[in-house]
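These notes are about the structure you will find just below.
The values are calculated or read from the model by the stated rules, or taken from the named source; none is laboratory data. Here the structure is a predicted model, which means the values were calculated and not measured. Because the Cβ atoms are built from the backbone with ideal geometry, glycine has one as well, and the counts that use them run over all protein chains shown.
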Amino acid sequence: MVSINPEPVNAPQAEEAKLETRRLKLTKALLDQIWVHGEAAYPEEGAGLLLGSDINGERQVTAILPIDNAREDTARHNRYLITAQDMLAGEQQAMRLGLDIVGVFHSHPDHPNQPSEFDRQWALPWFSYVITSVAQGAAHGSRSWRLADDRSQFTEEILFVTNE
Ligand SMILES: [Zn+2]
């Protein structure tokens with residue numbers, strides 16, 4: 001028996017092509033701040049908001065807003081949490097600066113900079129998720145990810161680091 005796919009055949013490829021061209025621009029100075037924050041939080045996860053702009057898909061981070069880890073339980077070292085209150089404060093700060101919240105950054109102490117299953121469950125589509133691996137207290141690499149609209153998986157985007 002042959003099953004018939006009702007979806008337009010070229011739709012998934014078009015979506016994939018769009019994903020491949022996505023990128024997140026930020027300066028080396030901001031990336032350094034993200035690394036310092038991740039190292040300071042070690043051996044716990046450190047997190048914060050990425051403020052900037054997204055104009056026709058050209059996404060740029062121009063400020064970061066570090067957030068204190070709100071989780072009090074024993075899973076704190078590998079479960080960052082950004083509360084609704086943090087998001088509200090972030091939105092107000094972004095508005096004051098004429099910016100938007102374009103994503104979230106957090107660190108993975110002694111783990112690769114790939115999203116975990118926990119990250120997938122808590123992430124929102126559209127936002128950029130910058131994950132930094134902090135090994136033995138030293139940050140050594142960041143990658144950026146976006147969740148698919150159906151929330152099934154993350155796709156990596158290009159983290160484009162500029163000098164200014
Ligand atoms: Zn994570």
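Determine whether Gly52 is crowded, with 20+ Cβ neighbours inside 10 Å and at pLDDT below 95. Give the steps one after another, and end with the answer.
Numbers: crowded, with 20+ Cβ neighbours inside 10 Å: yes; at pLDDT below 95: no.
Answer is no for this residue.
On the given criteria, is Ala139 part of a helix (DSSP H, G or I) and either at pLDDT 95 or above or among the aliphatic types (A, V, I, L, M) (or both)?
Details: part of a helix (DSSP H, G or I): no; either at pLDDT 95 or above or among the aliphatic types (A, V, I, L, M) (or both): yes.
Judged against the criteria, Ala139 is not a match.
Of the conditions (1) modelled with pLDDT under 95; (2) farther than 20 Å from Thr162 by Cα; (3) more than 11 Å from the ligand (Cβ to nearest atom), Thr21 satisfies every one except a single condition; which number is it?
The failed condition is (2).
Within the bounds of the range 50-65, is there any residue that is in contact with a strand residue (DSSP E or B) (Cβ under 8 Å, 6 or more places away or on another chain) and within 16 Å of the ligand (Cβ to nearest atom)? Full working, then the answer.
Narrowing the range 50-65 to residues in contact with a strand residue (DSSP E or B) (Cβ under 8 Å, 6 or more places away or on another chain): 50-54, 58-65.
This time we only want the ones that are within 16 Å of the ligand (Cβ to nearest atom), so: 50.
The answer is yes; a qualifying residue exists.
Out of the residues in the range 94-142 that are in contact (Cβ under 8 Å) with a residue 60 or more places away in the chain and within 11 Å of the ligand (Cβ to nearest atom), state the one that is farthest from Arg23 (Cα to Cα).
Pro109
Just name the residue that is surrounded by the most Cβ atoms within 10 Å (Cβ to Cβ) out of those in the range 143-164 that are assigned to a loop (DSSP other than H, G, I, E, B) and within 16 Å of the ligand (Cβ to nearest atom). Walk me through how you get there before you give the answer.
Filtering the range 143-164 down to residues assigned to a loop (DSSP other than H, G, I, E, B) leaves 148-153, 163-164.
Remaining after also requiring within 16 Å of the ligand (Cβ to nearest atom): 151, 153.
Working: Arg151: 12, Gln153: 10.
My answer is Arg151.
Residues checked against (1) buried (at least 18 other Cβ atoms within 10 Å of the Cβ); (2) modelled with pLDDT of 95 or more; (3) more than 19 Å from Gly38 (Cα to Cα); (4) of a type outside the set (Phe, Trp, Tyr):
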site: His77; (1), (2), (3), (4): no, no, no, yes
site: Tyr80; (1), (2), (3), (4): yes, no, no, no
site: Thr83; (1), (2), (3), (4): no, no, no, yes
site: Ala89; (1), (2), (3), (4): no, no, yes, yes
site: Arg96; (1), (2), (3), (4): no, yes, yes, yes
site: Phe105; (1), (2), (3), (4): yes, yes, no, no
site: Pro112; (1), (2), (3), (4): no, yes, no, yes
site: Pro115; (1), (2), (3), (4): yes, yes, no, yes
